Amino acid sequence: ALAYSVLLIGLPGTSLDEATAARLDAGAAGLVLLGHNVESTFQLRSLTGEAACAAARPLLVAVDQELGPVARLRGLVTPLPDTAAAMAMSPLEIELTAQLLGREMLALGVHVDLAPVIDVVAGPNPVLAGRHLGADPDVVGELGAAFLRGLQQEGVVAVPKHFPGHGGSTTDPHSQVTRIDASFQQLVETDFPPFEAAIAAGARAVMVGHPIYEAID
């Protein structure tokens, strides 16, 4: 039960299967939904409702709903702007956009958004293309914090990612070992500031990236 309480578990399909229901009953407190778990508004409401009923404790349901191409709730909520459009918006506009998203997420039974992406990206990046808010740490931090505030004002937990920042990735860390050779000082000056801004704005969780950082690992 203690192990389950700190895991976001997945499930194989679009409805609650017996194995996942048993894990929820055994103490799992978090469920993460990917693209293959989301089909329609009615289906998702049914799934999250069944999962909540099966769980022995209050359940958190998480998805990745980012600015850009990674959007598990595509077609079920008001579309978010892409990152190019978001970079032209004011922080207030971003915050109001995220408020609307938060209300729509809660109506679907989803409580955690694995977003915003606040990696600082200056060059080509195979995994963050179309997902990041540019190369200026101050801009990334300001817009990311606005997105976070909007979600959390509506009761959705925002999870800024991917600490300590893998804007310097030249390979995809999902599929191969990725090493980032930035100095610790570079990380402090470039990659940390957006996360500092997110924490100052009230972040309740942070997603850790999985490249190997030569300066700290």
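The values are calculated or read from the model by the stated rules, or taken from the named source; none is laboratory data. Every value quoted in this text rests on a predicted model; they were computed, and no experiment measured them. Here Cβ is always computed from backbone atoms with ideal geometry, including for glycine, and neighbour counts include all displayed protein chains. Only protein heavy atoms, including side chains, enter the accessible area calculation; ligands, DNA and RNA are left aside. Shrake-Rupley method; radii C 1.70, N 1.55, O 1.52, S 1.80 Å.
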Checklist line | Flag if Ala201 is hydrophobic (A, V, I, L, M, F, W, C) and under 20 Å from the mean Cα position of the chain (by Cα) | finding: yes
Next item on the list: Kindly provide the set of residues from the stretch 16-33 that are open to solvent by less than 70 Å² (accessible area, probe 1.4 Å) and not in a strand (DSSP E or B), ordered by number.
Entry: Leu16, Asp17, Ala19, Thr20, Ala21, Ala22, Leu24, Ala26, Gly27, Ala28, Ala29, Leu33
Item checked: the stretch 53-88 - residue that is in a loop (DSSP other than H, G, I, E, B) and within 15 Å of Val140 (Cβ to Cβ) and, of those, most open to solvent (accessible area, probe 1.4 Å) -> Ala88
Notebook entry, point to check: If Leu106 passes every condition in (1) open to solvent by 10 Å² or more (accessible area, probe 1.4 Å); (2) of a type in the set (A, V, I, L, M); (3) assigned to a helix (DSSP H, G or I); (4) more than 28 Å from Thr41 (Cα to Cα) but one, which one does it miss?
Noted result: (4)
Margin query: Regarding the stretch 89-98, can at least one residue be identified that is over 29 Å from Leu31 (Cβ atoms) and outside any helix (DSSP H, G or I)?
Written below: yes
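Each row is one residue, and each column tells you yes or no for (1) at pLDDT 95 or above; (2) open to solvent by 50 Å² or more (accessible area, probe 1.4 Å); (3) part of a helix (DSSP H, G or I).
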{"position": "His166", "(1), (2), (3)": "no, no, no"}
{"position": "Thr171", "(1), (2), (3)": "no, no, no"}
{"position": "Ala182", "(1), (2), (3)": "no, no, no"}
{"position": "Gln185", "(1), (2), (3)": "yes, yes, yes"}
{"position": "Asp191", "(1), (2), (3)": "yes, no, yes"}
{"position": "Phe195", "(1), (2), (3)": "yes, no, yes"}
{"position": "Ala198", "(1), (2), (3)": "yes, no, yes"}
{"position": "Ala205", "(1), (2), (3)": "yes, no, no"}
Note to self: Looking only at residues that are more than 17 Å from Ile199 (Cβ to Cβ) and in contact (Cβ under 8 Å) with a residue 40 or more places away in the chain in the stretch 134-144, which one is most open to solvent (accessible area, probe 1.4 Å)?
What the structure shows: Val139
Check: Within the stretch 55-75, is even one residue modelled with pLDDT under 95, in contact with a helix residue (DSSP H, G or I) (Cβ under 6 Å, 6 or more places away or on another chain) and closer than 24 Å to Met207 by Cα?
Finding: yes
Item checked: So Leu143, is it within 29 Å of Phe184 (Cα to Cα), modelled with pLDDT of 95 or more and assigned to a loop (DSSP other than H, G, I, E, B) -> no
